[in-house]
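Working notes for the structure below.
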Number of protein chains: 2
Amino acid sequence: MIPMRKENLECKDLERINSFLYQEKTGFLGLVDDKLPYVIPLNFVWFDGAIYFHGAAEGRKVNIIGENAKACFTVSANQGTLTDPVPAETDTAYMSVMIFGEVELVAKLEESVKAMQQMLDKYVPGYYDKPLSSSHVEKYRSSLGSRTVIYKIKALEMSAKENPMQLDKLFYHGKTQHHDRTR
Amino acid sequence: MIPMRKENLECKDLERINSFLYQEKTGFLGLVDDKLPYVIPLNFVWFDGAIYFHGAAEGRKVNIIGENAKACFTVSANQGTLTDPVPAETDTAYMSVMIFGEVELVAKLEESVKAMQQMLDKYVPGYYDKPLSSSHVEKYRSSLGSRTVIYKIKALEMSAKENPMQLDKLFYHGKTQHHDRTR
């Protein structure tokens, strides 16, 4: 129901892509562990042409990245099921973005602070009354036992697709407005 | 904010996992294209210990599977952001499931019909007044120009994690019930 190969679904509107990536809360980071795929759900922010996320400085993800940093970061939102009198034509309204690049550690404190601030602005807007301090991020990056680091994926390639909502086909509580069940 | 390495977040309640996979609409299929990761959002159903989805009988996904059928299928739901007086302790309530296996084509018509019926039951429950006929699925599988097939991933390995919601920490419109902004 998500026919990614349909070229006419391609979305090239960067403003729309930016606002989609701002709004969506979970991204799926695909990595390659030798020949095995590994897909991790993550909170993230998107700015300056890169995906930023944070995570532990150790663990399977970190080990994989050390061997192969290639990444595919996918974000998708289901915006409803679109009905059709022909069952096989049942479809999904969605938007999705795929970003390809390499995972790298953010080494600069200033860039880490900026990424963390963007995370707070996205996930808990208005919750803190002061901007994040560098010393807090520094402490956070170096905490013994639970050291956490900021990673980024600069988008080397990117594709976005959208299958727009059609209100008259939208499935809702067993029927649509049309209520056309013939087949 | 999704610390997958925390072992105490592991969920072993199969009934809970089943109902989560029934409820969630989008899964993320991770594949390996040579050494490159590729993550595709898909509609899916989960039954008899396998993920089923459908897709075109041609395209990049099919080419990749022909070379390397190894798959990681991840489903995750963000259930809210959990605030904390310490910014770095901001957390996410979520549930996620990762399924590892290999993508295979469903060759048997009977199994294809069952999978398609489960798709309809999940995505458009109550919309059709008759069950799906074998002839409809057969026609659908062999349509010229847009041949579509059913794939499955038998779960060889599976892991589920859950960071439960804490209502008193849940972020909602700029604050929580506690409204504790000190740091």
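A few comments on the model shown:
- In the assembly of identical copies, A:Glu138 has its label point, taken 7 Å from Cα in the direction of the beta carbon, separated from the corresponding points by 7.4 nm (ascending, one decimal).
- Coordinate range along principal axes, alpha carbons of the protein assembly as shown, Å, largest first: 66, 44, 43
- Tensor-based shape of chain B (alpha-carbon gyration tensor, a/c under 1.5 rounded, otherwise prolate or oblate): prolate
- Per-atom-type breakdown for segment A:17-159 gives carbon and sulfur 49% of the accessible area (1.4 Å probe, protein chains only).
- Across every pair of non-identical alpha carbons in segment B:8-49, the mean reciprocal distance, once inverted, gives a Kirkwood radius of 12.3 Å.
- In the context of the full set of protein chains, residues of segment A:36-149 present 39 Å² of accessible surface per residue (probe radius 1.4 Å, heavy atoms only).
- Rounded to the nearest 10 degrees, the inclination of helix A:14-23 to the longest alpha-carbon principal axis of chain A is 70 degrees.
- In the assembly of identical copies, B:Leu156 has its label point, taken 7 Å from Cα in the direction of the beta carbon, separated from the corresponding points by 2.8 nm (ascending, one decimal).
- Interface size B-A, as summed buried accessible area [1.4 Å probe, Å², nearest 100]: 5800 Å²
- Considering only A:Met165, A:Met98, A:Met116, the mean-square fluctuation computed in a Gaussian network model of chain A, springs between alpha carbons under 10 angstrom, is largest for A:Met165.
- Nearest-10 value in Å² for the accessible area of B:Asp13, using the 1.4 Å probe: 80 Å²
- Inter-copy label distances at B:Glu58 (7 Å, Cα→Cβ; nm, one decimal): 5.1
- Working note: Karplus 6.51/-1.76/1.60 with θ = phi - 60° gives segment B:151-167 the couplings 10, 9, 10, 6, 6, 8, 9, 8, 9, 10, 10, 8, 10, x, 4, 10, 4 Hz, where Gly and Pro are set to x.
- Residue among B:Gly80, B:Gly101, B:His136 farthest towards the positive dipole end of segment B:62-139, charges placed on Cβ: B:His136
- Alpha-carbon centroids, segment B:17-48 and segment B:59-82: separation in whole Å: 5 Å
- Rounded tilt (10° steps) of B:109-123 against the dominant C-alpha axis of chain B: 40 degrees
- GNM result for chain B, Cα springs below 10 Å: residue of B:Gly30, B:Gly66, B:Gly101 fluctuating most strongly: B:Gly66
- Amide H within-cut-off set for A:Asp33, under 5 Å, with H built and near neighbours excluded: A:Tyr38
The values are calculated or read from the model by the stated rules, or taken from the named source; none is laboratory data. The model shown is predicted, which means the values in this text are computed figures rather than measured ones. Here Cβ is always computed from backbone atoms with ideal geometry, including for glycine, and neighbour counts include all displayed protein chains. To get the accessible areas, we keep the full protein, side chains included, count just its heavy atoms, and leave off ligands, DNA and RNA. Shrake-Rupley method; radii C 1.70, N 1.55, O 1.52, S 1.80 Å.
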